[in-house]
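Novice: Input: one structure, supplied below.
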Amino acid sequence: MNIKETNRLLSCCFLLGLSACEEATTQGQVQIKVTCEATTLEVLKKTQCAASAMDPEGRPVEVGHLIWSSSDTKRAGVNATGQVDARAQGTVTLQATAISTRYDILPGEAILNVQGTVHGGSLTTSETWRAADNPHVVTTHLTVAGANTPTLTLEAGVVVRFMPHMGLRVGDTDTGVLSVEGTEANPVLLTSEDENTSPESHGWEGLLVREHSAIRLHHAVIEGVDGYVRGGALYVDGAFLADNVTVRRCVGVAYLLVGGTFAPGSTKLRANGCDQPLTIRADAVGSIPPDSEFTGNASDAVFVSGAVNHSQTWPNPGVPYVMRSDLAVGNPLTRPVLTLSPGTELRMAPDKEIWVDEQGSLIAQGTATQPIRFVANAAAPSPGFWKGLRFDQAQGSRLEHVSVSHAGPAALTVNAELGAFVTRSAFTHSSGCGLFRASAVTTDFTLAEYGNTFSNNALGAQCQKPEEEPSAH
């Protein structure tokens, strides 16, 4: 027995009497052992620690009320029951002890490693988030914007977790840039704390990119977004470079391009597990990467509205385009040419039409095995569901291996002599004529040499407006 132990025993004898002294002599030291469910914890997460007391022979001992403490409460706190909450990155020692007149208590300790970084508020100067500081937890709305156009860079392998109802905005009254620099081996993940995204869940609000701001995503995965707040997981009104980007498990639209386009170099967009994969302006459809994958959603289609004002080719994304508005092709300044890729399908909303005027052209050249289809956006449409295609002085237009169905009063209306610009095409289930010609049109599109077919049209294959008689003076 050392001097310290002897002095303790003498003090005990003086205070408690001989019998207590004998009891203390026989009890000896008690070691407290601390164990935690997790030894590594992410910021804002919790874990439970427990403590037990053993005598030198390894027998359990009851020591009564435990006292818990943390070596650094800024990094982790612990309550009276041993529950630990992680607050900031670093290493913390958690200790449990007790006060006893019967035992010499040796406190127990456990080491907790806290990982991650907390973010939120406004970022007005450029900043880089690193994988070594994962996870990056956004606890309040984060805005990247400033007078000098700050850039938030996420390096390869970064994981960003957003608390419920929080989001990332790029640009505000000032501009900003988000640059995600993932790789195939180490993509960047932007996700929610809520693992079960549904209309009733509490996902995060996604990314909002304002006009004149920019977003560059390389090998990024975006998931767990409740898109009903902004309409889409990615709401883009600025420049958008998307290189190997996946949006999955979201409520609402995966990609919502209200004013922006996909920048040159964009490739391999994916959307699955969302309500809709993509909503986009008609004049930006040509920027969609042709190798995109938009399957596995509640509605596998690209939703389009607006007019085409610039020449472009619409790719065949493997799912239909659903036109929510009239599709007008023409502009007096740009004289656009819209080209549709073989196999493309356009589904038209009720009472909508495709109109190509004298200031534009439409080239829809399918193949025998990949025709281009213009159909009604309905499972069981009636003739006249939509208004069909209408051509004015649309020089240079061409329809070959196309199919037009359930339109009206005609599947195709030709208001000017354009020559034999329609060949090997099918017109069916019109509420009026399969093809309607203005009085000045002389080309007979029913001739066998053109290879067109007409079936189930209420008023026959081809109709022509009578020539107007000159007015009498």
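The values are calculated or read from the model by the stated rules, or taken from the named source; none is laboratory data. Just so it is clear, the structure is predicted and the values come from calculations on it, not from any experiment. All Cβ positions, even for glycine, are placed from backbone atoms using ideal geometry, and neighbour counts span all protein chains on display.
Novice: Return only the number of the condition from (1) of a type outside the set (D, E, K, R); (2) farther than 23 Å from Val337 by Cα; (3) in contact with an Asp or Glu (Cβ under 6 Å, 6 or more places away or on another chain) that Gln276 does not satisfy.
Specialist: Failing condition for Gln276: (3).
Novice: Another one. Identify all residues within region 30-59 that are outside any strand (DSSP E or B) and of a type in the set (Val, Ile, Thr); write none if there are none.
Specialist: Thr39, Val43, listed by residue number.
Novice: Being modelled with pLDDT of 95 or more, more than 29 Å from Ser361 (Cα to Cα) and out of contact with any helix residue (DSSP H, G or I) (no Cβ under 9 Å at 6 or more places or on another chain) is true for just one of Thr295, Thr267. Which residue is that?
Specialist: Matching residue, one of Thr295, Thr267: Thr295.
Novice: Right, something else. Is region 423-437 home to any residue that is within 19 Å of Leu338 (Cβ to Cβ), in a loop (DSSP other than H, G, I, E, B), assigned by TED's automatic domain parsing to the domain that holds Thr369 and not small (Gly, Ala, Ser)?
Specialist: No, the conditions are met nowhere in region 423-437.
Novice: Can you confirm whether Thr39 is within 30 Å of Val160 (Cβ to Cβ) and assigned by TED's automatic domain parsing to the domain that holds Leu94?
Specialist: yes
Novice: To continue, here is another question. Answer with yes or no whether Phe385 is within 15 Å of Leu435 (Cβ to Cβ), in contact (Cβ under 8 Å) with a residue 12 or more places away in the chain and either surrounded by fewer than 21 Cβ atoms within 10 Å (Cβ to Cβ) or not small (Gly, Ala, Ser) (or both).
Specialist: No, not satisfied.
Yes/no per residue for (1) more than 30 Å from Gly176 (Cβ to Cβ); (2) assigned to a strand (DSSP E or B); (3) in contact with a Lys or Arg (Cβ under 7 Å, 6 or more places away or on another chain):
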{"site": "Asp85", "(1), (2), (3)": "yes, yes, yes"}
{"site": "Thr101", "(1), (2), (3)": "yes, no, no"}
{"site": "Glu109", "(1), (2), (3)": "yes, yes, no"}
{"site": "His119", "(1), (2), (3)": "no, yes, no"}
{"site": "Thr139", "(1), (2), (3)": "no, yes, no"}
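Novice: Is one or more of the residues making up region 363-371 under 21 Å from Gly432 (Cβ atoms) and of a type in the set (A, V, I, L, M, F, W, C)?
Specialist: No.
Novice: Against the definition (at pLDDT 95 or above, out of contact with any helix residue (DSSP H, G or I) (no Cβ under 9 Å at 6 or more places or on another chain) and not assigned by TED's automatic domain parsing to the domain that holds Val138), how does Ser69 come out, yes or no?
Specialist: yes
Novice: Among Thr313, Thr246, which is the only one that is within 24 Å of Glu400 (Cα to Cα), assigned to a strand (DSSP E or B) and not hydrophobic (A, V, I, L, M, F, W, C)?
Specialist: The conditions single out Thr313.
Novice: For region 337-352, which positions are more than 20 Å from Thr367 (Cβ to Cβ) and in contact with a Ser or Thr (Cβ under 9 Å, 6 or more places away or on another chain)?
Specialist: Within region 337-352, Ala349, Lys352 meet the criteria.
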